[in-house]
Each structure stands twice: as C-alpha cells, then as structure tokens.
Amino acid sequence: MATDPAALDLAELRRPVRGRVTLAAALQALATMLAIAPTVVLVEIARRLLSGPERPVWPLAWLAVGLLVARFALYAAANLLSHLADADLAYLLRRRLTEQVSALPLSWFAGGVSARIRATVQDDVATLHHAVAHARGELASAVAGPAVVVGYLLWVDWPLALVTVALVAAAQAIRMRLAVRASDQVSRIAAANDELTAAVLETVRGISVVKAFARGRGAPRFTAAAAEYADADEQAQRIFLRPRGVARATVAPATIVFVVAAVGTGLVAAGWSDPVNLVAFSVLGVGLFD
C-alpha cells in the first residue's frame, strides 16, 4: 500500500520531538482510562450496597477520588510535555529557516518575496501546533477510552454490551452509506462554490459596468452562480437530512438508555443478568459514543 507523501513529510518534521510526543500520547491515553475508572468504582459501590451492608464502600470511594486526582496529574503532564515539544520544534524549524534565508542575497527579497517568507516562518510553522501538540494525544484518547469501556461492559454483561455496540454499528453503517452518496453532491457544492467565488470577484471588479448597463438586473454570472449554489445546497439537505437524523437518533442518549433498560429488564426478569449491570450501562453506555 502506498504511503501518503504528506504523512511522510509530517513524520520527518516531527522526528526531533517524536519521543516526547509519543510519551505525551501514552500519558493522555492513561489519563482517559483513569477518567473512566471512578465511574466503574461507582458501579462497584452500588453492587456492594445491594449485596449487603456489611461490605465497606468508603475504601472504594477514596479510590475513586485518588484515581480522579491521578487522572488530572497525568493529563496535565501530557499537555505540558506535548506543548513543550511543540515549542521546541517550532523554535528549531524557525531557526533553520532563518539560517537559510540569511544566506540569500538582498536582491532575492524583491517583488514581495519577504511577505511569503514571513508567512512561511511564522504562519506555516504555527499550523503544525495541532499536529504536534494535540493530534496524537487525541487519537490515543479516542482509541483508549471506548476500548476500555467496551472491554469493561463485555466483562460485566456481554449480551447488553453487544446490544450497545450494535446500536453504534447501525449508526456507523448509515454514516458510511451517507459518505458514499455524498461524494457526488459534495463535488457539485464545491464546484458551485468555486463558480460563485469567481462570479463575486468578477462582479466586484466590474461593479461600475454592472451599475451602468445591468439596469437593476444584477450581474448574470453572479445570479446564475448563486442560484446553482443554493440549489446544490438545498438538494444536499434533502438527500442527507433524514439519514443523518436517523444516525444521530440511533446513538442518542435517550435511545441507548431506552434500549439498554428494555433489554436489561428482560434479562434481569429471566434471571440472566444482575440489576446493578443496568447502572453500569446507563452511566457508561450513554457517553460511550459521543
């Protein structure tokens, strides 16, 4: 499989700080796991309270507090480490660029080149901030959080976990169908937007001619481009409004709570599940796929 050249270039740019960024992503993933831990402890407290008053719950409560404090510490350390790495990389890149530019003759800077150099040294380097300081950590959190939740729910009650995951699979299937259907419509909207932008520029540049000869009718190209853009956008809304609404409703908190409560009540009535399991799914299942 061919590798994206842009991804290779970005990886090469991040190479001097790759170790720190990877460590920060690992810390952020661990912080995400610890953010879920207090909820798991809450479920276990409910399990102990229902099983009998002789089992102490205060140790679990203090454990939840400790895990929450550890989560904040890990999250702060991950953010500090990633942002320091981003600052060091920005300084390194700007120093390299200025060293190369300083070797050029002054005549090379004529014709507006200096403005492009300023944009490269300042703006282009600044655009790397999210890729260096946030992207890998957010990806690690997005993977670690749902993985831990799904694993815990499967351990608690695998039939209810499969029902919860099935809801998400249904919503994802709808989104994938939307993505396939959206390609042509998105291309039409993009083309209409380009034509509208060109028509606006043409109208602004020739506004005096339009005022003199259009007689209140406006610029024909702009009118046609605006109508095409409005029609393309309206057509897209008609095509995607209902499927998008169904996809969102499938993983809505009310839908998940209703389905989990209905299926869970049936399993509890049949003696195949524990009532406390409904607490775990009501708390964790709702926020699993936000």
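The values are calculated or read from the model by the stated rules, or taken from the named source; none is laboratory data. For clarity, every value in this text was computed on a predicted model and none was experimentally measured. Note: accessible area is taken over every heavy atom of the protein model, side chains too, but ligands, DNA and RNA are not part of it. Shrake-Rupley method; radii C 1.70, N 1.55, O 1.52, S 1.80 Å.
Per-structure values
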| read-out | value |
| --- | --- |
| Solvent-accessible heavy-atom area per residue, rounded to whole Å², over the range 247-287 at 1.4 Å | 47 Å² |
| Segment W272-T223, length gained on full extension (0.36 nm per residue, minus Cα span) | 11.0 nm |
| Gain in span if fully extended, A61 to Q172, counting 0.36 nm per residue against the direct Cα distance | 36.3 nm |
